[in-house]
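The values are calculated or read from the model by the stated rules, or taken from the named source; none is laboratory data. This is a predicted model, so every value here is computed, not measured. Here Cβ is always computed from backbone atoms with ideal geometry, including for glycine, and neighbour counts include all displayed protein chains.
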(Lines give C-alpha, C1' and ligand atoms only; values in the text may rest on other atoms or scores of the structure.)
Protein backbone atom coordinates (compact mmCIF):
# COMPACT_ATOMS: atom_id res chain seq x y z
CA UNK A 1 0.00 0.00 0.00
CA UNK A 2 1.44 3.37 -1.01
CA UNK A 3 1.97 5.80 1.84
CA UNK A 4 0.67 9.31 1.34
CA UNK A 5 2.54 12.29 2.65
CA UNK A 6 0.67 14.27 5.31
CA UNK A 7 -0.12 17.87 4.40
CA UNK A 8 2.25 20.38 5.98
CA UNK A 9 0.97 22.18 9.04
CA UNK A 10 -1.46 19.41 9.96
CA UNK A 11 -4.12 21.02 7.82
CA UNK A 12 -6.18 17.81 7.68
CA UNK A 13 -6.30 17.57 11.48
CA UNK A 14 -7.35 21.15 12.19
CA UNK A 15 -10.66 21.61 14.06
CA UNK A 16 -13.50 23.67 12.56
CA UNK A 17 -12.57 27.33 12.20
CA UNK A 18 -13.88 30.47 10.50
CA UNK A 19 -13.64 30.74 6.73
CA UNK A 20 -11.32 33.58 5.65
CA UNK A 21 -12.66 35.68 2.76
CA UNK A 22 -10.41 38.17 0.96
CA UNK A 23 -12.52 40.53 -1.11
CA UNK A 24 -10.90 41.92 -4.27
CA UNK A 25 -7.28 41.53 -3.09
CA UNK A 26 -4.88 43.54 -5.21
CA UNK A 27 -1.51 41.82 -4.69
CA UNK A 28 -0.84 38.11 -5.03
CA UNK A 29 1.95 38.38 -2.46
CA UNK A 30 -0.52 39.52 0.17
CA UNK A 31 -2.68 36.47 -0.49
CA UNK A 32 0.38 34.25 -0.01
CA UNK A 33 1.39 35.89 3.27
CA UNK A 34 -2.23 35.78 4.46
CA UNK A 35 -2.25 32.02 3.74
CA UNK A 36 0.91 31.65 5.80
CA UNK A 37 -0.68 33.56 8.69
CA UNK A 38 -3.76 31.37 8.45
CA UNK A 39 -1.85 28.12 8.78
CA UNK A 40 0.17 29.58 11.67
CA UNK A 41 -3.04 29.90 13.65
CA UNK A 42 -5.18 26.99 12.54
CA UNK A 43 -7.29 28.55 9.78
CA UNK A 44 -7.50 26.52 6.59
CA UNK A 45 -10.46 27.60 4.42
CA UNK A 46 -9.56 30.56 2.17
CA UNK A 47 -11.85 32.18 -0.37
CA UNK A 48 -10.99 34.98 -2.80
CA UNK A 49 -13.54 37.31 -4.30
CA UNK A 50 -12.63 38.74 -7.73
CA UNK A 51 -8.85 39.05 -7.17
CA UNK A 52 -7.09 41.82 -9.07
CA UNK A 53 -4.43 39.44 -10.47
CA UNK A 54 -4.30 36.21 -12.42
CA UNK A 55 -4.33 32.77 -10.86
CA UNK A 56 -2.34 30.62 -10.32
CA UNK A 57 0.37 32.96 -9.09
CA UNK A 58 3.98 32.03 -8.42
CA UNK A 59 4.33 35.17 -6.29
CA UNK A 60 1.56 34.03 -3.97
CA UNK A 61 3.05 30.55 -3.61
CA UNK A 62 6.49 31.96 -2.82
CA UNK A 63 5.04 34.37 -0.26
CA UNK A 64 3.09 31.55 1.41
CA UNK A 65 6.48 30.08 2.46
CA UNK A 66 5.36 26.51 2.99
CA UNK A 67 1.62 27.16 3.41
CA UNK A 68 0.89 26.45 -0.27
CA UNK A 69 -1.68 23.80 0.72
CA UNK A 70 -3.97 26.63 1.84
CA UNK A 71 -3.69 28.07 -1.69
CA UNK A 72 -4.20 24.65 -3.29
CA UNK A 73 -7.54 24.28 -1.51
CA UNK A 74 -8.60 27.90 -1.94
CA UNK A 75 -11.72 28.78 -3.94
CA UNK A 76 -12.13 31.86 -6.13
CA UNK A 77 -15.60 33.36 -6.53
CA UNK A 78 -16.93 36.25 -8.60
CA UNK A 79 -18.92 38.09 -5.91
CA UNK A 80 -19.09 38.53 -2.16
CA UNK A 81 -22.59 37.08 -2.18
CA UNK A 82 -21.23 33.88 -3.72
CA UNK A 83 -18.44 33.66 -1.14
CA UNK A 84 -20.73 33.98 1.88
CA UNK A 85 -23.82 32.12 0.64
CA UNK A 86 -23.29 29.03 2.84
CA UNK A 87 -22.34 30.93 6.01
CA UNK A 88 -24.60 31.48 9.02
CA UNK A 89 -22.57 34.29 10.62
CA UNK A 90 -20.24 36.79 9.00
CA UNK A 91 -17.67 39.09 10.61
CA UNK A 92 -16.14 41.91 8.56
CA UNK A 93 -12.97 43.80 9.44
CA UNK A 94 -13.00 47.56 9.02
CA UNK A 95 -11.63 50.78 10.45
CA UNK A 96 -14.91 52.49 9.56
CA UNK A 97 -18.52 51.42 9.92
CA UNK A 98 -19.99 53.50 12.75
CA UNK A 99 -22.67 54.77 10.39
CA UNK A 100 -23.86 51.21 9.73
CA UNK A 101 -25.08 50.78 13.32
CA UNK A 102 -23.74 47.27 13.64
CA UNK A 103 -22.17 45.74 16.71
CA UNK A 104 -18.42 46.26 16.75
CA UNK A 105 -16.09 43.75 18.42
CA UNK A 106 -12.35 43.39 18.66
CA UNK A 107 -10.55 40.27 17.35
CA UNK A 108 -10.76 38.58 20.75
CA UNK A 109 -14.51 39.18 20.91
CA UNK A 110 -14.87 37.83 17.39
CA UNK A 111 -12.91 34.70 18.28
CA UNK A 112 -14.98 34.03 21.39
CA UNK A 113 -18.32 34.46 19.62
CA UNK A 114 -17.21 32.54 16.52
CA UNK A 115 -16.06 29.67 18.71
CA UNK A 116 -19.51 29.36 20.27
CA UNK A 117 -21.20 29.52 16.87
CA UNK A 118 -18.94 26.86 15.39
CA UNK A 119 -19.51 24.66 18.44
CA UNK A 120 -23.23 24.89 17.70
CA UNK A 121 -22.58 23.49 14.21
CA UNK A 122 -22.87 26.80 12.36
CA UNK A 123 -20.55 28.08 9.61
CA UNK A 124 -18.72 31.33 10.28
CA UNK A 125 -16.81 33.66 7.98
CA UNK A 126 -14.25 36.41 8.56
CA UNK A 127 -14.04 38.93 5.73
CA UNK A 128 -11.22 41.33 4.77
CA UNK A 129 -11.26 44.05 2.13
CA UNK A 130 -8.91 45.30 -0.60
CA UNK A 131 -5.54 46.64 0.51
CA UNK A 132 -6.10 50.20 -0.68
CA UNK A 133 -9.68 50.90 0.35
CA UNK A 134 -10.87 48.15 2.67
CA UNK A 135 -14.40 46.78 2.46
CA UNK A 136 -17.02 49.09 1.00
CA UNK A 137 -20.45 49.62 2.56
CA UNK A 138 -22.09 47.13 0.19
CA UNK A 139 -19.85 44.43 1.62
CA UNK A 140 -20.04 45.62 5.22
CA UNK A 141 -23.82 45.69 5.26
CA UNK A 142 -23.87 41.92 4.74
CA UNK A 143 -21.90 41.29 7.96
CA UNK A 144 -23.52 40.43 11.28
CA UNK A 145 -20.74 42.12 13.27
CA UNK A 146 -17.83 44.37 12.45
CA UNK A 147 -14.32 43.67 13.72
CA UNK A 148 -12.10 46.60 14.58
CA UNK A 149 -8.43 46.11 15.39
CA UNK A 150 -7.02 48.57 17.93
CA UNK A 151 -4.23 50.53 16.23
CA UNK A 152 -2.72 53.98 16.36
CA UNK A 153 -5.65 56.23 15.31
CA UNK A 154 -3.23 58.55 13.55
CA UNK A 155 -1.99 55.67 11.39
CA UNK A 156 -4.66 52.95 11.21
CA UNK A 157 -3.49 51.36 7.95
CA UNK A 158 -2.72 47.64 8.25
CA UNK A 159 -1.30 45.31 5.64
CA UNK A 160 -3.86 42.68 4.61
CA UNK A 161 -1.80 39.77 5.92
CA UNK A 162 -1.18 41.62 9.19
CA UNK A 163 -4.92 41.94 9.74
CA UNK A 164 -5.42 38.23 8.99
CA UNK A 165 -2.59 37.35 11.36
CA UNK A 166 -3.96 39.43 14.25
CA UNK A 167 -7.42 37.90 13.93
CA UNK A 168 -5.93 34.43 13.47
CA UNK A 169 -3.83 34.84 16.58
CA UNK A 170 -6.88 35.65 18.70
CA UNK A 171 -8.71 32.68 17.20
CA UNK A 172 -5.87 30.31 18.03
CA UNK A 173 -5.22 31.79 21.48
CA UNK A 174 -8.66 30.86 22.76
CA UNK A 175 -7.99 27.14 22.28
CA UNK A 176 -4.18 26.87 22.46
CA UNK A 177 -2.77 25.18 25.58
CA UNK A 178 -1.14 27.61 28.00
CA UNK A 179 2.63 27.90 27.71
CA UNK A 180 4.63 25.90 30.24
CA UNK A 181 5.07 27.82 33.47
CA UNK A 182 8.77 27.03 33.66
CA UNK A 183 8.32 25.82 37.23
CA UNK A 184 10.07 22.62 38.18
CA UNK A 185 9.55 21.67 41.81
CA UNK A 186 6.38 22.87 43.56
CA UNK A 187 6.71 26.02 45.67
CA UNK A 188 7.75 25.73 49.29
CA UNK A 189 5.06 25.84 51.93
CA UNK A 190 4.71 28.97 54.03
CA UNK A 191 5.92 26.94 57.00
CA UNK A 192 9.12 25.96 55.19
CA UNK A 193 9.77 29.59 54.28
CA UNK A 194 9.08 30.68 57.87
CA UNK A 195 11.59 28.11 59.17
CA UNK A 196 14.21 29.36 56.69
CA UNK A 197 13.65 32.94 57.81
CA UNK A 198 13.87 32.00 61.48
CA UNK A 199 17.10 30.10 60.81
CA UNK A 200 18.58 33.00 58.84
CA UNK A 201 17.62 35.65 61.40
CA UNK A 202 18.99 33.54 64.26
CA UNK A 203 22.37 33.28 62.56
CA UNK A 204 22.38 36.98 61.73
CA UNK A 205 21.70 37.73 65.40
CA UNK A 206 24.61 35.46 66.36
CA UNK A 207 27.10 37.45 64.29
CA UNK A 208 25.74 40.84 65.38
CA UNK A 209 24.46 41.77 61.95
CA UNK A 210 21.64 44.02 63.17
CA UNK A 211 23.71 45.96 65.77
CA UNK A 212 20.61 47.59 67.31
CA UNK A 213 17.07 46.47 68.24
CA UNK A 214 15.27 49.06 66.08
CA UNK A 215 17.50 48.13 63.14
CA UNK A 216 16.60 44.49 63.60
CA UNK A 217 12.86 45.22 63.23
CA UNK A 218 13.16 47.11 59.94
CA UNK A 219 15.81 44.88 58.39
CA UNK A 220 13.96 41.71 59.37
CA UNK A 221 10.90 42.91 57.48
CA UNK A 222 13.02 43.72 54.43
CA UNK A 223 14.67 40.29 54.51
CA UNK A 224 11.29 38.54 54.87
CA UNK A 225 9.82 40.47 51.95
CA UNK A 226 12.88 39.69 49.82
CA UNK A 227 12.69 35.95 50.54
CA UNK A 228 8.94 35.85 49.84
CA UNK A 229 9.49 37.53 46.45
CA UNK A 230 11.96 34.80 45.51
CA UNK A 231 9.11 32.22 45.47
CA UNK A 232 11.48 29.43 46.43
CA UNK A 233 10.66 25.77 45.90
CA UNK A 234 10.93 23.23 48.71
CA UNK A 235 14.36 21.94 47.60
CA UNK A 236 15.60 25.53 47.19
CA UNK A 237 14.59 26.31 50.78
CA UNK A 238 16.56 23.29 51.99
CA UNK A 239 19.55 24.39 49.91
CA UNK A 240 19.39 27.90 51.39
CA UNK A 241 19.28 26.47 54.92
CA UNK A 242 22.30 24.32 54.14
CA UNK A 243 24.17 27.40 52.87
CA UNK A 244 23.34 29.37 56.04
CA UNK A 245 24.45 26.45 58.20
CA UNK A 246 27.80 26.11 56.43
CA UNK A 247 28.47 29.86 56.54
CA UNK A 248 27.84 29.82 60.29
CA UNK A 249 30.30 26.92 60.71
CA UNK A 250 33.05 28.98 59.12
CA UNK A 251 35.94 28.05 56.77
CA UNK A 252 36.69 24.38 56.30
CA UNK A 253 39.96 23.34 57.98
CA UNK A 254 41.99 21.28 55.51
CA UNK A 255 45.19 19.44 56.54
CA UNK A 256 47.29 22.10 54.81
CA UNK A 257 45.46 25.04 56.42
CA UNK A 258 45.75 23.36 59.86
CA UNK A 259 49.52 22.91 59.38
CA UNK A 260 49.96 26.55 58.36
CA UNK A 261 47.81 27.71 61.26
CA UNK A 262 49.97 25.75 63.70
CA UNK A 263 53.11 27.31 62.28
CA UNK A 264 51.80 30.85 62.75
CA UNK A 265 50.71 30.44 66.40
CA UNK A 266 52.72 32.57 68.91
CA UNK A 267 55.48 30.78 70.85
CA UNK A 268 53.83 31.69 74.19
CA UNK A 269 50.64 29.92 73.18
CA UNK A 270 52.67 26.78 72.30
CA UNK A 271 54.50 26.97 75.65
CA UNK A 272 51.23 27.11 77.58
CA UNK A 273 50.27 23.84 76.01
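Observations on the structure shown:
- Among the criteria (1) assigned to a loop (DSSP other than H, G, I, E, B); (2) more than 14 Å from residue 125 (Cβ to Cβ), the one residue 43 does not fulfil is (2).
- Within segment 47-76, being closer than 17 Å to residue 131 by Cβ, within 33 Å of the chain's Cα centre (by Cα) and surrounded by fewer than 17 Cβ atoms within 10 Å (Cβ to Cβ) holds for one residue alone: 59.
- Residue count for segment 13-46 satisfying the condition of being under 14 Å from residue 68 (Cα atoms) and either touching a strand residue (DSSP E or B) at 6+ places or on another chain (Cβ under 7 Å) or outside the structural domain of residue 161 (by TED's automatic domain parsing) (or both): 7.
- Residue that is modelled with the lowest pLDDT [pool: residues in segment 160-181 that are in contact with a helix residue (DSSP H, G or I) (Cβ under 7 Å, 6 or more places away or on another chain) and over 14 Å from residue 39 (Cα atoms)]: 174
- Listed by first and then second residue, the pairs linking a residue in segment 235-260 that is modelled with pLDDT under 90 to a residue that is surrounded by 10 or more Cβ atoms within 10 Å (Cβ to Cβ) and part of a helix (DSSP H, G or I), with Cβ atoms under 7 Å apart and 6 or more places separating them unless they lie on different chains, are 248/203.
This table checks each residue for (1) farther than 23 Å from residue 40 by Cα; (2) in a loop (DSSP other than H, G, I, E, B).
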| residue | (1), (2) |
| --- | --- |
| 70 | no, no |
| 92 | no, no |
| 99 | yes, no |
| 112 | no, no |
| 117 | no, no |
| 132 | yes, yes |
